[in-house]
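For reference, the structure is listed below as structure tokens.
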Amino acid sequence: MKVSVIIPTYNERDNLEELFERIDGALKGYDYEIVVVDDDSPDGTWEFARSLAGEYPVKVIRRTEEKGLSSAVIRGFKEAAGTVFVVMDADLQHPPEVVPELLNAIEKGADIAIASRYVPGGGVKNWYWYRKLISKGAIMIGRLALPKIRDVKDPVSGFFALRRDVVEGAKLNPIGFKILMEILIKGRYKEVTEVPFTFGLRHAGESKLGTKTMVNYLKHVYRLMRWEGELDRLIKFTLVGLSGVVVNEGFLWAFVNFLGWDKILANIPATELAILNNFTWNDLWTFRDLQRKPLWKRIATFHVAALTGALVQWVIYVGLVYLGMNYLVANLIGIVVSFVVRFLVNRHVTWG
């Protein structure tokens, strides 16, 4: 197979010579090329990369109008000649010595091989606690919002290999820095393998992580949710939940005011009636296309999810009532807090 190593760059001149030397050493015996896609770096990264073309099989693309890491990778896909693409950064935090392991996984049948920090054997070096929190938080958001990637431990990795067929014809249009997530949602593949690696220290240049990057990531997740239909599903689930609020609040008010029941105990049957209402509408509407499990299993699992959410709701309700809050307002707050729990469990388990 011919391997194209695609490297998006911006102000990475000081890393190129060592990077190319290590890639060449790692890929001895492979037919390979290095495709550098540079966003017109002020430090002349593109120019220096071209000067190394006599020593290494380098193709340099200098972009003067378009910007962005992910769009650079997509441009690299279009310009590359290989049957297998490897995507990696130029800052040497992605060790080239791991590339043969990724290619070995592809040769064994994987369509996508991810260099992962979060499988056994993987890790990061000298990250501050907040950097770890941001990384793991981003992964949690992606895996929960996009069930298709929930089994991938590091879907935001910037270091991976894939067969050319995975992205040929795919409508890739990412925002931000997480091209792998875009590929995992829109690409054509069957098998994904994760290879452990240790995310190293930056040798030169500056990190591009910032507030704009994080905002773009959230925009990207939102767009992929729309692409997958998960946003529509969330809206439907919300509407069903609102109908459940009406059922819950209505019966709670009736039990307290007409039957004279205790405000705390009356919440239990009111909540169960709302559960039955919500299951019916979610099964017939929200998750109609995901009715793969037998009806009894869906009902049972839905009740587990609903009762878990109801427990959260009830604890909040009791606490707020004892603090003197109006019982209807307290109940409403409990419903809102438990909503996220109900949706995630039902999407990933009941109709997963």
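Identify all residues within segment 58-75 that are closer than 19 Å to D89 by Cβ and of a type outside the set (A, V, I, L, M); write none if there are none. Matches in segment 58-75: K59, R62, R63, E66, K67, G68, S70, S71, R75. Picking from residues in segment 1-43 that are in a loop (DSSP other than H, G, I, E, B) and within 31 Å of the chain's Cα centre (by Cα), the one that is nearest to P57 (Cα to Cα) is L27.
For segment 182-201, residues that are part of a loop (DSSP other than H, G, I, E, B) and farther than 13 Å from F160 by Cα total 7. The residues in segment 182-191 that are acidic (D, E) and buried (at least 20 other Cβ atoms within 10 Å of the Cβ) can be counted, and the count is 1.
Of all residues in segment 310-323, at least one satisfies being free of Cβ contacts under 8 Å to residues at least 24 places away in the same chain and small (G, A, S). The condition of being modelled with pLDDT of 90 or more and not assigned by TED's automatic domain parsing to the domain that holds R143 holds for only one of L311, L344, L284, that being L284. When residues in segment 50-74 are screened for being within 21 Å of Y30 (Cβ to Cβ) and not acidic (D, E), 9 of them pass.
Consider Y222 carefully, then state whether it is at pLDDT below 90, assigned to a helix (DSSP H, G or I), of a type outside the set (A, V, I, L, M) and surrounded by fewer than 17 Cβ atoms within 10 Å (Cβ to Cβ). Yes: the conditions hold for Y222.
Residues that are surrounded by fewer than 19 Cβ atoms within 10 Å (Cβ to Cβ) and closer than 18 Å to F237 by Cα within segment 258-276 comprise E272, L273, L276, listed in sequence order.
Within segment 277-289, no residue satisfies the criterion of being loosely packed, with under 15 Cβ neighbours inside 10 Å, touching a residue at least 40 places away in the same chain (Cβ under 8 Å) and among the hydroxyl-bearing types (S, T, Y).
Among the residues of segment 244-257, the ones that are within 27 Å of W351 (Cβ to Cβ) and surrounded by 15 or more Cβ atoms within 10 Å (Cβ to Cβ) come to 6 in all.
Within this structure, E65 fails the test of being surrounded by fewer than 20 Cβ atoms within 10 Å (Cβ to Cβ), assigned by TED's automatic domain parsing to the domain that holds R13 and in contact with a Lys or Arg (Cβ under 8 Å, 6 or more places away or on another chain). Do you know which of the residues in segment 245-269 that are in a helix (DSSP H, G or I) and in contact (Cβ under 8 Å) with a residue 40 or more places away in the chain is nearest to V337 (Cα to Cα)? Selected residue: V245. Taking the residues in segment 49-82 that are of a type in the set (V, I, T) and under 26 Å from the mean Cα position of the chain (by Cα) as candidates, determine which candidate is nearest to F160 (Cα to Cα). Checked segment 49-82; the qualifying residue nearest to F160 (Cα to Cα) is V73. Hey, V60 hits all of (1) of a type in the set (A, V, I, L, M, F, W, C); (2) in contact with a strand residue (DSSP E or B) (Cβ under 7 Å, 6 or more places away or on another chain); (3) within 24 Å of A115 (Cα to Cα) but one; which does it fall short on? All conditions pass for V60, except number (3).
For segment 4-26, a tally of residues being surrounded by fewer than 24 Cβ atoms within 10 Å (Cβ to Cβ) and β-branched (V, I, T) returns 1. Taken as a whole, the structure leaves V60 outside the set of residues that are among the β-branched types (V, I, T) and closer than 28 Å to K125 by Cβ. Going through (1) within 30 Å of I6 (Cβ to Cβ); (2) hydroxyl-bearing (S, T, Y); (3) modelled with pLDDT under 90 one by one, T198 falls short only on (3).
The values are calculated or read from the model by the stated rules, or taken from the named source; none is laboratory data. Nothing here was measured: the structure is a model prediction, and the numbers come from that model. Neighbour counts are summed over all protein chains in view; Cβ atoms, including those assigned to glycine, are modelled from backbone coordinates with ideal geometry.
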